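Note sheet for the following structure.
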């Protein structure tokens, strides 16, 4: 609720506009009734001018008000929603990786955007329409009963039938729509599958079979389409006939009363106008509970996110720091997600500034986890990690993160220019520094071939880049951030050997004079590391330089290395 | 209040630029003048349903005009039943204000036995003639009421029939269109499917066809409503009151002008708003994907600011759209309102001065309102037509595509078993040949022979044309120049079915179909026995993994099932090809995502499984190459080295470098 605070006056304005509008629109039938009765048939020409002017002006005023009311209303809701979105977004950015491992990016985006949009819809329409519906409905009920209570009772019955029809039909339509969607999803999924697997379809020559499958999907999808459309039409036809018949009954009963002199013709007209005003508000009232429920669901889901406490928090008196030297000590580090499944079990490792460390091991052995612990994406569950002698949990988070330059297997390109992408980690880097970083990452020459050089937009809306180019931009970004410690997590494993070689050269330049941690798939890339750490099941199995490890008889590293390099295979051939 | 009130007009006056970070240029949709597809659509898809269409059109046209009938009935009620006549039966036209009260007065029947009311007595005393309703007014009213209800019911019944016909018609047309599109999409060659991405092709088949249906339905209704209602309304007005027609003839063009003028502006603004919204989506999903980068560079604050900036652009857009939209509607509405008021008030004056009957006024007012309904639609018509044309254009762009690869009528079976082998002569290929975005030759002057029963390994840097060459061998592309022959038989003289049966292709990107593991392996050979399937899985080193899955071979994979890693997909794809026991195997770097150990196992089983078969293998690994009898190195689309592994090693070129690099 406190989110609404800043908009109090604007909301009051909207309410005022709405009430005024409903009052005016509730009065217009009276005007036409008065005109017909008193002026046209009764020939009181003296009030003709006044009433006529009112008849013309009232709707004009109404429409002018509507322009302001709806604009203000939209402005308030949109401002509110964007505030809410910002709030959630800010919160999400502070959450730990564990959250993002559980919640896929797509799901998170949907919540931030869709659920807030649902809320917008509810504030934007439901709030004001309910308000104006109430006023209009009250006026209409009072007016119809005042004109003729017997007809008004008939009207009430008609409205009730109308609402019942609406409720029943809408349930049917929703059910059919769901079925239709399901069939459509099957159809779409099938086509998508076939289009992306077209090589298999073509090489196995199964086009006819696939066409037959599509024919079946198509038939059932269209069948449900047909049923849904008919149900929809059925509903509208019911609406038409119910309103037409009820109006007919009211009109003719009214006329009969005119004959008896119990009503005037103008009153019959006014009554009809009021009855039309009453029907849709009644339907909307019946929907209101559902709409509010929807809003409540959206709101709870949003609050679910807001309730997630950031796991990684700063201690009470965080130490701030500038660029550190890069001395890293892992002291008996333990880590697990769940108590029963330990990931890291008592790992100790000391790294001097400027050293390069390579972690190797099978998938799931915990090598990437080590890096995530070092960068505080997760916190250790036992032991400690010290950076330049201070526990990493004692540092200010922002300063700590700035010590690391991270290049991962998947590269991230933002929809910005090349320049902005490179200096993402240090927005105040000068153009010269950006170019220097790009040159070090061997991407400068490529960037110069782009139409606008460093100002070329890349990413989703811009130039498409190859995987290798993206990765090199990521490396340039890391270089530009000028970190104390570099972290490479399988940075080159998705590349072909050409681009890998180019990146290798860039990386060597990058790693010089910095502490670095590398996780690599291809052993050839880590031969020159100062320490090679072979991890197995969360423990260090072998540890030393390449030559030391190769000297170990029956060592795992030696075994892996020879196998990888194809020696064993060569012997066979 | 101040920031809102102050900003209110400022937002409107300052045309805000839409140049925000993370908001790319909106792609302009160009409604270029293409020839209309409507006639073709009518001929190809509607003609088979012509009678249904005709019936729908006629009943729809009839149905839309029911409002005129209702208005006419109202007029009868007012003028002939509620009206007050003098004793001679003529409608009362009197300047006497008291007499004119009579429409509210009791009906005084001449033969009434009750004494006149006090008021009537007073009037009689003043010498005013006794007034009366038309004879039998009550009975007539009752009859009219029944007529009225029957009319409503009849038209409602008619409307239901029309709706049914309309839905059936459009659904059938949609079904036919979709199937044609799907058939065509599968028939078109790989190069086309790659030029148009799979996602776009999907939306052509599913969304654009649905759009055709929706727009066609809307169009049908609009056109019929417009023509029938305007024509009938025009005639009725001309006959009953030409002056109202004159008023409408003045206001209608004004109304249309306002709509036509504003709608394009509105649409472009709405598109901008949608674009801002989708940019917001893009921004968030980008950042959620890259959360590691955002956090590790400590950019959270900056991100919130960037988001907020784009968000405020959205606020501006939303406000602008809403304000202009309502303002425009107001202007358009004002012309209608003016016309309506003129008719009602001037007509009312005429009624008051006795120059027009009340019934006629009511009738004319209703007519004015009815007349404007189709007129308001008219502005919509152009846009509906435009959208229909765009959707149809997209569908026809697929349907009109000429398949690049077709079966020769004199095609023969694949020469099985292969005796001489595979010969590639002077092969050249360029992508999108004949299109505006033609690429330079990705392959040129490729000459290779693979004797039957031997293996050729193709190596080279990425982008050298290795996959393209393999696709050409499988006839997924048609060469720009040169020929491919299997046992001297050109590849385009081989029947499709037979070619597919005898070539086993394992593409680089493994392809998974939604379904069980078993279905996936047996994709090319649905009648395979369980034994054959497990054997193929074992050969591809996949069997053990499958046994670990919850229901083993029946486990669902693909979109709705379990997801597989890149390596598992590759092995599945290999098993699929091995199951068919093809004569020639084409492997496209199909072990790239596997670890060294599994890769070696697969290489070993391939050695035994494929002994005696002909194979062309693209690979990055020397360990694979040394198992082949021949190696060809591709560089920039040309064969630079060709020979046995030993020969190439001696040559000291690309292969030798690679060999030393990988086997140090």
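Does the range B:443-455 include one or more residues that are touching a residue at least 40 places away in the same chain (Cβ under 8 Å), buried (at least 18 other Cβ atoms within 10 Å of the Cβ) and in contact with a helix residue (DSSP H, G or I) (Cβ under 7 Å, 6 or more places away or on another chain)? Yes - at least one qualifying residue is present in the range B:443-455. If the condition is being facing chain B (nearest Cβ under 8 Å) and under 25 Å from residue A:272 (Cβ atoms), then the range A:5-39 contributes A:32, A:35, A:36, A:37, A:39.
Answer yes or no as to whether residue B:381 is in the same structural domain as residue B:238 (by TED's automatic domain parsing) and surrounded by 17 or more Cβ atoms within 10 Å (Cβ to Cβ). Outline the logic, then answer.
Details: in the same structural domain as residue B:238 (by TED's automatic domain parsing): yes; surrounded by 17 or more Cβ atoms within 10 Å (Cβ to Cβ): no.
No.
Count of the range A:260-271 residues, restricted to those that are surrounded by fewer than 18 Cβ atoms within 10 Å (Cβ to Cβ) and either modelled with pLDDT of 85 or more or in a helix (DSSP H, G or I) (or both), is 1.
All conditions in (1) touching a residue at least 24 places away in the same chain (Cβ under 8 Å); (2) more than 10 Å from every other protein chain (Cβ to nearest Cβ); (3) over 27 Å from the mean Cα position of the chain (by Cα); (4) surrounded by 18 or more Cβ atoms within 10 Å (Cβ to Cβ) hold for residue A:390, with the sole exception of (4).
I'd like to know if the range A:369-386 contains one or more residues that are free of Cβ contacts under 8 Å to residues at least 12 places away in the same chain and either surrounded by fewer than 15 Cβ atoms within 10 Å (Cβ to Cβ) or part of a loop (DSSP other than H, G, I, E, B) (or both). Lay out the reasoning, then the answer.
First, pick out the residues of the range A:369-386 that are free of Cβ contacts under 8 Å to residues at least 12 places away in the same chain: none.
There is no residue in the range A:369-386 that is free of Cβ contacts under 8 Å to residues at least 12 places away in the same chain and either surrounded by fewer than 15 Cβ atoms within 10 Å (Cβ to Cβ) or part of a loop (DSSP other than H, G, I, E, B) (or both).
Okay, residues lined up against (1) touching a strand residue (DSSP E or B) at 6+ places or on another chain (Cβ under 8 Å); (2) part of a loop (DSSP other than H, G, I, E, B); (3) within 17 Å of residue B:451 (Cα to Cα):
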position: B:600; (1), (2), (3): no, no, no
position: B:620; (1), (2), (3): yes, yes, no
position: B:628; (1), (2), (3): yes, yes, yes
position: B:640; (1), (2), (3): yes, no, no
position: B:647; (1), (2), (3): no, no, no
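Answer with yes or no whether residue B:215 is over 16 Å from residue B:406 (Cβ atoms) and more than 10 Å from chain A (Cβ to nearest Cβ). Don't jump to the end; show me each part of the working.
Working: over 16 Å from residue B:406 (Cβ atoms): yes; more than 10 Å from chain A (Cβ to nearest Cβ): yes.
Taking the combined requirement at face value, the residue satisfies it.
Within the range B:277-292, track down each residue that is out of contact with any strand residue (DSSP E or B) (no Cβ under 7 Å at 6 or more places or on another chain) and either more than 23 Å from residue A:474 (Cβ to Cβ) or facing another protein chain (nearest Cβ under 7 Å) (or both). I'd like the intermediate steps shown before the answer.
In the first step, residues of the range B:277-292 are kept if they are out of contact with any strand residue (DSSP E or B) (no Cβ under 7 Å at 6 or more places or on another chain); the result is B:277-291.
The answer is B:277, B:278, B:280, B:281, B:282, B:284, B:285, B:286, B:288, B:289, B:290, B:291.
Look at the range A:1-30: where a residue is in the same structural domain as residue A:272 (by TED's automatic domain parsing) and surrounded by 14 or more Cβ atoms within 10 Å (Cβ to Cβ), no partner that is at pLDDT 75 or above and outside any helix (DSSP H, G or I) sits 6+ places away or on another chain with Cβ atoms under 9 Å. Criterion first (at pLDDT 85 or above, touching a helix residue (DSSP H, G or I) at 6+ places or on another chain (Cβ under 8 Å), under 30 Å from residue B:181 (Cα atoms) and surrounded by fewer than 19 Cβ atoms within 10 Å (Cβ to Cβ)) does residue B:223 satisfy it? Judged against the criteria, residue B:223 is a match. Annotation: of all residues in the range A:88-98 being touching a residue at least 12 places away in the same chain (Cβ under 8 Å) and within 9 Å of chain B (Cβ to nearest Cβ), the one that is surrounded by the most Cβ atoms within 10 Å (Cβ to Cβ) is A:92. Tell me, yes or no, whether the range B:295-312 has at least one residue that is free of Cβ contacts under 8 Å to residues at least 40 places away in the same chain, surrounded by fewer than 21 Cβ atoms within 10 Å (Cβ to Cβ) and not in a helix (DSSP H, G or I). Within the range B:295-312 (the criterion being free of Cβ contacts under 8 Å to residues at least 40 places away in the same chain, surrounded by fewer than 21 Cβ atoms within 10 Å (Cβ to Cβ) and not in a helix (DSSP H, G or I)), the answer is yes, since at least one residue qualifies.
Residue by residue, here is whether (1) part of a helix (DSSP H, G or I); (2) modelled with pLDDT under 85; (3) under 15 Å from the mean Cα position of the chain (by Cα) holds:
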position	(1), (2), (3)
B:153	yes, no, no
B:166	yes, no, no
B:169	yes, no, no
B:183	yes, yes, no
B:200	yes, yes, yes
B:216	yes, no, yes
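Conditions (1) in contact with a helix residue (DSSP H, G or I) (Cβ under 7 Å, 6 or more places away or on another chain); (2) outside the structural domain of residue A:162 (by TED's automatic domain parsing), marked per residue:
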{"site": "A:272", "(1), (2)": "yes, no"}
{"site": "A:290", "(1), (2)": "no, no"}
{"site": "A:295", "(1), (2)": "yes, no"}
{"site": "A:313", "(1), (2)": "no, yes"}
{"site": "A:329", "(1), (2)": "no, yes"}
{"site": "A:332", "(1), (2)": "no, yes"}
{"site": "A:335", "(1), (2)": "yes, yes"}
{"site": "A:339", "(1), (2)": "no, yes"}
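Restricting A:117, A:146, A:137 to those that are touching a helix residue (DSSP H, G or I) at 6+ places or on another chain (Cβ under 9 Å), farther than 30 Å from residue B:503 by Cβ and at the interface with chain B (Cβ under 9 Å from one of its Cβ atoms) reduces the list to A:117.
Counting residues in the range B:647-654 that are crowded, with 17+ Cβ neighbours inside 10 Å, away from chain A (no Cβ under 11 Å) and within 45 Å of the chain's Cα centre (by Cα) gives zero. The residues in the range A:207-245 that are within 7 Å of another protein chain (Cβ to nearest Cβ) and either closer than 30 Å to residue B:586 by Cα or not in a helix (DSSP H, G or I) (or both) can be counted, and the count is 4.
Return a yes/no flag: does the range B:73-91 have any residue that is in a loop (DSSP other than H, G, I, E, B), touching a strand residue (DSSP E or B) at 6+ places or on another chain (Cβ under 7 Å) and either buried (at least 18 other Cβ atoms within 10 Å of the Cβ) or modelled with pLDDT of 85 or more (or both). It would help to see each step written out before you state the result.
Taking the range B:73-91 first, the residues in a loop (DSSP other than H, G, I, E, B) are B:82-84, B:86-90.
Filter again for touching a strand residue (DSSP E or B) at 6+ places or on another chain (Cβ under 7 Å), leaving B:83, B:87.
From what's left, either buried (at least 18 other Cβ atoms within 10 Å of the Cβ) or modelled with pLDDT of 85 or more (or both): B:83.
So far as the range B:73-91 goes, yes, one or more of its residues are in a loop (DSSP other than H, G, I, E, B), touching a strand residue (DSSP E or B) at 6+ places or on another chain (Cβ under 7 Å) and either buried (at least 18 other Cβ atoms within 10 Å of the Cβ) or modelled with pLDDT of 85 or more (or both).
So that you can scan it fast, the table gives a plain yes or no per residue for (1) in contact with a strand residue (DSSP E or B) (Cβ under 6 Å, 6 or more places away or on another chain); (2) in the same structural domain as residue A:300 (by TED's automatic domain parsing); (3) modelled with pLDDT under 85; (4) crowded, with 18+ Cβ neighbours inside 10 Å:
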| position | (1), (2), (3), (4) |
| --- | --- |
| A:46 | no, yes, yes, no |
| A:50 | no, yes, yes, no |
| A:58 | no, yes, no, no |
| A:80 | no, yes, yes, yes |
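Considering A:403, A:409, the condition of being surrounded by fewer than 18 Cβ atoms within 10 Å (Cβ to Cβ) and touching a residue at least 60 places away in the same chain (Cβ under 8 Å) is satisfied by A:409 alone. If you take the residues of the range A:412-434 that are facing chain B (nearest Cβ under 8 Å) and not in a loop (DSSP other than H, G, I, E, B), which of them is surrounded by the fewest Cβ atoms within 10 Å (Cβ to Cβ)? The residue in question is A:420. Of the candidates B:444, B:436, B:462, the single residue that is assigned to a strand (DSSP E or B) and at pLDDT below 80 is B:444. Among the candidates A:408, A:416, single out the residue that is closer than 30 Å to residue A:347 by Cα and in contact with a helix residue (DSSP H, G or I) (Cβ under 9 Å, 6 or more places away or on another chain). Answer to the check: A:408.
The values are calculated or read from the model by the stated rules, or taken from the named source; none is laboratory data. What you see is a predicted model, and the numbers here were worked out from it, not measured in a lab. When we count neighbours, we look across all protein chains shown, and the Cβ atoms used for this are built from the backbone with ideal geometry, even at glycine.
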